[in-house]
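The values are calculated or read from the model by the stated rules, or taken from the named source; none is laboratory data. Computed from a predicted model, the values in this text were never measured in an experiment. Note that each Cβ is placed from the backbone with ideal geometry, even for glycine, and that neighbours are counted across all protein chains shown. For accessibility, only protein heavy atoms count, side chains too; no ligands or nucleic acids. Shrake-Rupley method; radii C 1.70, N 1.55, O 1.52, S 1.80 Å.
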Amino acid sequence: EVVASIECYNESPIVGGITRLSKEEIRQSAIDTYAAQNRAVTKLDYEAIVYGMNPKFGSVKRCAIFQDSNSLKRNLNLYILSQNSNNHLTTASDTLKRNLKTWLMRYKMLNDTIDILDGKVVNIGINFSAKILPGRNKSAVLKSCLTRLRNTSAAKKYFGEPLDIARLYKIINSVPGVMDCLKVEVVLKTGSPYSSVRYNLDRNLSADGTELKVPKNVILEIKFPNVDIKGTLK
């Protein structure tokens, strides 16, 4: 009766990964876990062990580990992000970090020291314009363009993964009824409820404008695809 009467309330859940893993995430995780062999030596070993943490301790949605360039010893910086109930990337809770630290102690090399740090999220939006073929239904073609772009942006990116703007042009041009994609513009989304991380789009855009680069501890996210992806047809 005493055990049955106990109640517990968590102000914030420790669980990070709410959604199921995609097929590609499962495939990659299986390969990395097999290679790790229950010990952490390489970068991929550590990432596989982080993703393989028992779900009862919480889940990490994205992680990346790098050697600290300012450290004379084998100090490693582990950047992590979890996921909230709305499938948005968010800062991991302190409880999740403590559980992850305990979990890594079972596998890490004796002389490795690890700092668990919060990764950064940069929220972006996409604006595009395209020219359609004569006689095509503008509303139907625009809807197809938006659907394809939103489906493409549904998968969460990884730390340091750039945005392939050239690929966005190809996706729009592949939509039936589109004659040519005229322009794709990446915009920074700021203010509540978006991330407050400062990021200079122009400085990180490649010279030819086909790729948007990000630092190794940053992830690009289109937080609200239905709102943050817009387009016009001519």
Task: Residue satisfying all of: in the range 75-87; modelled with pLDDT under 90 and touching a strand residue (DSSP E or B) at 6+ places or on another chain (Cβ under 7 Å); most open to solvent (accessible area, probe 1.4 Å) among these - done: 84
Task: All positions within the range 117-141 that are open to solvent by 40 Å² or more (accessible area, probe 1.4 Å) and either touching a residue at least 12 places away in the same chain (Cβ under 8 Å) or touching a strand residue (DSSP E or B) at 6+ places or on another chain (Cβ under 7 Å) (or both) - done: 117, 118, 120, 127, 131, 133, 136, 137, 138, 140
Task: Residues of the range 216-234 that turn out to be closer than 15 Å to residue 124 by Cβ, part of a loop (DSSP other than H, G, I, E, B) and touching a residue at least 60 places away in the same chain (Cβ under 8 Å), as a count - done: 2
- [ ] Scan the range 148-170 for residues that are touching a Ser or Thr at 6+ places or on another chain (Cβ under 6 Å) and crowded, with 18+ Cβ neighbours inside 10 Å and report the count.
- [x] 1
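Going by the conditions given, is residue 99 in contact with a strand residue (DSSP E or B) (Cβ under 7 Å, 6 or more places away or on another chain), more than 18 Å from residue 181 (Cβ to Cβ) and either surrounded by fewer than 17 Cβ atoms within 10 Å (Cβ to Cβ) or of a type in the set (S, T, N, Q) (or both)?
It is false that residue 99 is in contact with a strand residue (DSSP E or B) (Cβ under 7 Å, 6 or more places away or on another chain), more than 18 Å from residue 181 (Cβ to Cβ) and either surrounded by fewer than 17 Cβ atoms within 10 Å (Cβ to Cβ) or of a type in the set (S, T, N, Q) (or both).
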- [ ] Go through (1) of a type outside the set (Gly, Ala, Ser); (2) open to solvent by 40 Å² or more (accessible area, probe 1.4 Å); (3) in contact with a Gly (Cβ under 7 Å, 6 or more places away or on another chain) one by one and return the number of the condition residue 145 breaks.
- [x] (2)
